Amino acid sequence: MTVRIPKFSQQELTVIHDASMDLLQNTGVAFNDAEALSIFKNNGFKVDGHTVLFSEKKVRQAIESAPDRFRIAARNPAHTVSIGGDGFALAPGYGAAFIITREGEQRKATMADYDQFCKLVQTSRAITVTGFLMAAPSDLPAETAHLYMLYSNITLCDKPFMGSPVSRTAAEDCIEMAAMVFGGKEKLAKTPVTASLITPLSPLQYTTEMAGAVITLARYNQACIFGALLMAGSSGPISLAGVLVQQTAEILAGVTLTQLVRPGAPVIVGGTSAIMDMRTGCLSMGAPEVARLSSATIQMAKFYNLPARSGCAVTDAHYPDAQAGFEAALNLYGALQNGSNFILHAAGVLGAYNAMSFEKFIIDEEICSQILESLKPLRITAESIDLDLIREIGIGGNYLTHNKTYEQCRTAFYLSDLVNRDGFSGWREDGAKQINDRAAEILEGRLSTFVKPDIDPQLEKDLFSYVEKHKK
């Protein structure tokens with residue numbers, strides 16, 4: 001059988017690993033945080049200024065210490081997700097500064113936009129984790145905006161939520177607020193309830209903020225998602241193989257720090273490295289190289305027996321048009337088919353992370369749902385074949401009016417509220433709506449019928465009091 005998705009051989013994976021170890025041992029990774037450097041020194045690592053050098057033995061010990069699978073508990077236990085193995089989660093876009101309106105205009109994101117995305121996640125059948133920085137609110141001070149985003153994550157949605165890793169203080173606030181929800185810090189130490197995105201500063205660095213967040217989150221057993229974003233030809237080598245090696249080294253340096261802080265702390269490894277378009281100097285997330293790097297990234301995570309983070313509904317388009325659709329679908333399909341365990345930017349993102357679109361969120365949900373449906377195995381049994389029915393209908397018969405068709409007509413196939421399946425005349429009679437129009441209608445219905453999930457009134461009051469106190 002022809003397999004067209006390239007898979008590395010064990011020898012090729014080992015070559016990537018060996019090159020990454022060479023970087024870690026001889027070049028090292030800079031950690032611009034005093035506590036991180038102290039932790040490395042106290043555990044026998046060679047530290048030269050801010051640069052930490054890693055022996056392969058210590059890196060392997062860290063990899064073996066990290067769990068291959070774990071669960072992220074939700075405020076509503078029915079929404080708890082499993083990460084690793086066959087378990088995976090889908091989370092919306094992250095870090096966008098702008099909103100693209102239905103009319104195609106770009107405006108700055110606000111906290112009201114962020115709340116809207118929380119409501120969409122809560123009512124989504126595809127998106128399983130509430131994001132963080134889904135739309136960076138321009139109407140709040142950057143130093144305290146994380147407090148309000150965390151508050152909305154917890155009160156407007158009862159699914160697992162992404163934490164705030166933008167600084168050590170933000171990570172500490174995340175721990176404090178999560179402890180209020182889940183019964184104290186001791187329970188947090190036993191059960192991951194958040195996953196936070198940790199991004200190395202390529203090439204080969206961790207900022208003070210990221211390193212501090214890693215230490216704080218790992219100390220309380222909360223998951224760190226190490227998501228490298230190298231731009232081939234700029235912050236990484238122009239060779240995709242070189243990007244993969246540098247990315248692996250950066251990620252494993254962070255994983256090692258988590259295990260020194262708390263052996264067994266959960267991690268998710270990978271990223272969404274991409275290319276720089278050499279004609280424009282812009283980051284290109286819709287390029288086919290992104291899908292190739294995503295597949296390779298997942299394979300490296302599996303090589304280390306760690307949960308993989310890769311793939312997203314990224315696009316270079318600035319409007320939810322055909323380009324946005326095919327670029328998002330290519331990246332999502334490859335990631336889900338290859339076994340990614342955490343797909344960030346699974347819905348809503350436009351313009352190479354620069355903006356979010358409510359309409360594209362709805363369209364991306366549909367892409368995710370259809371891909372997952374397409375990957376379901378056919379159940380081949382005597383019952384599913386039902387040879388007696390085929391014999392009964394016989395040559396030239398009609399299945400449409402048979403009782404079994406009536407019984408299963410509403411459940412046998414995937415049904416979409418978004419895509420058009422009418423004939424041409426039916427489509428014209430319904431207003432000849434394009435998919436953006438239909439997405440806008442669904443969006444309006446979702447938001448207008450949103451019902452806030454149950455939460456203890458005293459807990460909600462205490463959370464708000466925490467936000468108000470700490471914003472000062």
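The values are calculated or read from the model by the stated rules, or taken from the named source; none is laboratory data. Every value quoted in this text rests on a predicted model; they were computed, and no experiment measured them. Note: ideal-geometry Cβ built from the backbone for every residue, glycine included; neighbour counts use all protein chains shown.
The figures follow:
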{"quantity": "Region 299-329 - residue that is among the charged types (D, E, K, R) and buried (at least 19 other Cβ atoms within 10 Å of the Cβ) and, of those, farthest from PHE361 (Cα to Cα)", "calculated": "ARG309"}
{"quantity": "Odd one out for ALA178 among (1) out of contact with any helix residue (DSSP H, G or I) (no Cβ under 7 Å at 6 or more places or on another chain); (2) part of a helix (DSSP H, G or I); (3) not acidic (Asp, Glu)", "calculated": "(1)"}
{"quantity": "Pair list, Cβ < 6 Å and 6+ apart or interchain, from region 27-47 residues that are under 16 Å from LYS57 (Cα atoms) to residues that are in a strand (DSSP E or B)", "calculated": "GLY28/THR51; GLY28/VAL52; GLY28/LEU53; PHE40/VAL47; PHE40/VAL52; LYS41/VAL47; PHE45/VAL52; LYS46/LEU53"}
{"quantity": "Residues (in contact (Cβ under 8 Å) with a residue 60 or more places away in the chain, among the basic types (Lys, Arg) and more than 30 Å from PRO453 (Cβ to Cβ)) located in region 48-87", "calculated": "LYS58"}
{"quantity": "Segments classed as strands (runs of 3 or more DSSP E), wholly inside region 208-282, with at least 1 members that are more than 21 Å from LEU197 (Cβ to Cβ), in contact with a Leu (Cβ under 8 Å, 6 or more places away or on another chain) and of a type in the set (A, V, I, L, M, F, W, C)", "calculated": "274-276"}
{"quantity": "Members of region 11-20 that are touching a residue at least 40 places away in the same chain (Cβ under 8 Å) and not hydroxyl-bearing (Ser, Thr, Tyr)", "calculated": "LEU13, ILE16, HIS17, ALA19"}
{"quantity": "Some residue of region 447-457 being of a type outside the set (A, V, I, L, M) and part of a helix (DSSP H, G or I)", "calculated": "yes"}
{"quantity": "Flag for ILE435 being closer than 30 Å to ASP113 by Cα and more than 24 Å from the chain's Cα centre (by Cα)", "calculated": "yes"}
{"quantity": "Of residues in region 307-333 being in a helix (DSSP H, G or I) and of a type outside the set (Gly, Ala, Ser), the one farthest from ILE63 (Cα to Cα)", "calculated": "GLN323"}
{"quantity": "Residues (under 19 Å from PRO67 (Cα atoms), in contact with a Gly (Cβ under 8 Å, 6 or more places away or on another chain) and without any contact (Cβ under 8 Å) to a residue 60 or more places away in the chain) located in region 216-265", "calculated": "LEU217, ASN221, GLN222, CYS224, ILE251"}
{"quantity": "Members of region 181-207 that are farther than 19 Å from VAL267 by Cα, out of contact with any helix residue (DSSP H, G or I) (no Cβ under 8 Å at 6 or more places or on another chain) and of a type outside the set (Asp, Glu)", "calculated": "GLY183, GLY184"}
{"quantity": "Number of positions in region 431-472 that are aliphatic (A, V, I, L, M), within 26 Å of ALA74 (Cβ to Cβ) and surrounded by 15 or more Cβ atoms within 10 Å (Cβ to Cβ)", "calculated": "5"}
{"quantity": "Among the candidates GLY183, GLY95, residue that is of a type outside the set (D, E, K, R), at positive phi and more than 19 Å from the chain's Cα centre (by Cα)", "calculated": "GLY183"}
{"quantity": "Residues of region 20-37 satisfying the condition of being more than 27 Å from the chain's Cα centre (by Cα), of a type outside the set (Ser, Thr, Tyr) and surrounded by fewer than 19 Cβ atoms within 10 Å (Cβ to Cβ)", "calculated": "ASP22, GLN25, ASN26, ALA34, GLU35"}
{"quantity": "Residue that is modelled with pLDDT of 95 or more, touching a Cys at 6+ places or on another chain (Cβ under 8 Å) and among the β-branched types (Val, Ile, Thr), where the choices are THR169, THR130, THR155, THR208", "calculated": "THR130"}
{"quantity": "Boolean, VAL81 is closer than 23 Å to SER239 by Cβ and in contact with a Phe, Trp or Tyr (Cβ under 9 Å, 6 or more places away or on another chain)", "calculated": "no"}
{"quantity": "Identity of the residue in region 100-133, aliphatic (A, V, I, L, M), within 22 Å of ALA74 (Cα to Cα) and out of contact with any Gly (no Cβ under 6 Å at 6 or more places or on another chain), that ends up surrounded by the fewest Cβ atoms within 10 Å (Cβ to Cβ)", "calculated": "ALA126"}
{"quantity": "Among the residues listed as LYS302, LYS376, the single one being within 22 Å of VAL81 (Cβ to Cβ), among the basic types (Lys, Arg), without any contact (Cβ under 8 Å) to a residue 40 or more places away in the chain and not in a helix (DSSP H, G or I)", "calculated": "LYS376"}
{"quantity": "Close pairs from region 451-465: first on the phi < 0 side of the Ramachandran plot and modelled with pLDDT under 95, partner surrounded by 12 or more Cβ atoms within 10 Å (Cβ to Cβ) and not in a helix (DSSP H, G or I), Cβ under 8 Å, at least 6 apart", "calculated": "none"}
{"quantity": "Some residue of region 126-145 being in a helix (DSSP H, G or I) and either among the aromatic types (Phe, Trp, Tyr) or under 17 Å from ALA347 (Cβ atoms) (or both)", "calculated": "no"}
{"quantity": "Selected residue (criterion: modelled with the highest pLDDT) from residues of region 408-430 that are loosely packed, with under 10 Cβ neighbours inside 10 Å and hydrophobic (A, V, I, L, M, F, W, C)", "calculated": "PHE424"}
